[in-house]
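The structure appears below as structure tokens.
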Amino acid sequence: MASEKQVNYSIEKLVSERGLLADELKKFSFVQKVYPSDANFILVKTDGPKEIYNFLVEKKIIIRDRSTVSLCEGCLRMTVGSPAENSLLLEALRMYASNK
């Protein structure tokens, strides 16, 4: 069982990574809005959510397409991962953006 110190460290890392990821996502021209989050995922309103989702799946990066869910039109849900996982996601999104 994890100690309180370990749990607090994990929470701090998650919060830090979530902030970094949200800041980087806001830089993409296809991102309309990054919703505030207290969870281990970020909801992102985008132009062309299905295209982005399919592009990421081809790169073996799995996110959740929430674009057909009521009140989430155009949104993708991205899990906050490790620094390496988040870097892979952002690099794939850069590739997507450069192909637009």
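Every read-out reported here was derived from the displayed coordinates using simple, explicitly stated rules and does not represent laboratory data. Bear in mind that the values here come from a model prediction, so they are computed numbers and not experimental data. Because the Cβ atoms are built from the backbone with ideal geometry, glycine has one as well, and the counts that use them run over all protein chains shown.
Relative to the first principal axis of the alpha-carbon coordinates of the chain, what is the inclination of helix 83-98, with its axis defined by its Cα atoms, in degrees from 0 to 90 and to the nearest 10?
Approximately 10 degrees, to the nearest ten.
Roughly how many debye, to the nearest 20, is the charge dipole of the chain about its Cα centre, given +1 on each Lys and Arg Cβ, -1 on each Asp and Glu Cβ, and no other charges?
Using Cβ point charges on Lys, Arg, Asp and Glu, the chain gives about 180 debye.
Over 19 Å apart: what share of the alpha carbon pairs of the stretch 4-98 falls there, rounded to a whole percent?
In whole percent, the long-distance tail amounts to 37.
If r is the Cβ-Cβ distance from THR68 to VAL7 and R0 is 30 Å, what FRET efficiency results, to the nearest 0.05?
Efficiency at R0 = 30 Å is approximately 0.25.
Which far-off residues, 5 or more places away or on another chain, put their amide H under 5 Å from the one on ILE42, with H placed in the peptide plane?
Correct list: MET78, THR79, VAL80.
Evaluate the distance, in nm, between pseudo-label points positioned 7 Å from the Cα of THR79 and of ALA39 along their respective Cα→Cβ axes.
In this crude spin-label approximation the distance works out to 1.3 nm.
Applying the Karplus parametrisation 6.51 cos²θ - 1.76 cosθ + 1.60 with θ = phi - 60° to the phi angles of the stretch 42-48, what ³J(HN,Hα) value in whole Hz is obtained for each residue in order, glycine and proline being reported as x?
10, 9, 10, 8, 10, 7, x
I need the phi-derived Karplus couplings for the stretch 6-21: 6.51 cos²θ - 1.76 cosθ + 1.60, θ = phi - 60°, integer Hz, Gly and Pro marked x.
Result, ordered by residue: 5, 4, 4, 4, 4, 5, 4, 5, 4, 4, 4, 5, 4, x, 4, 5 Hz.
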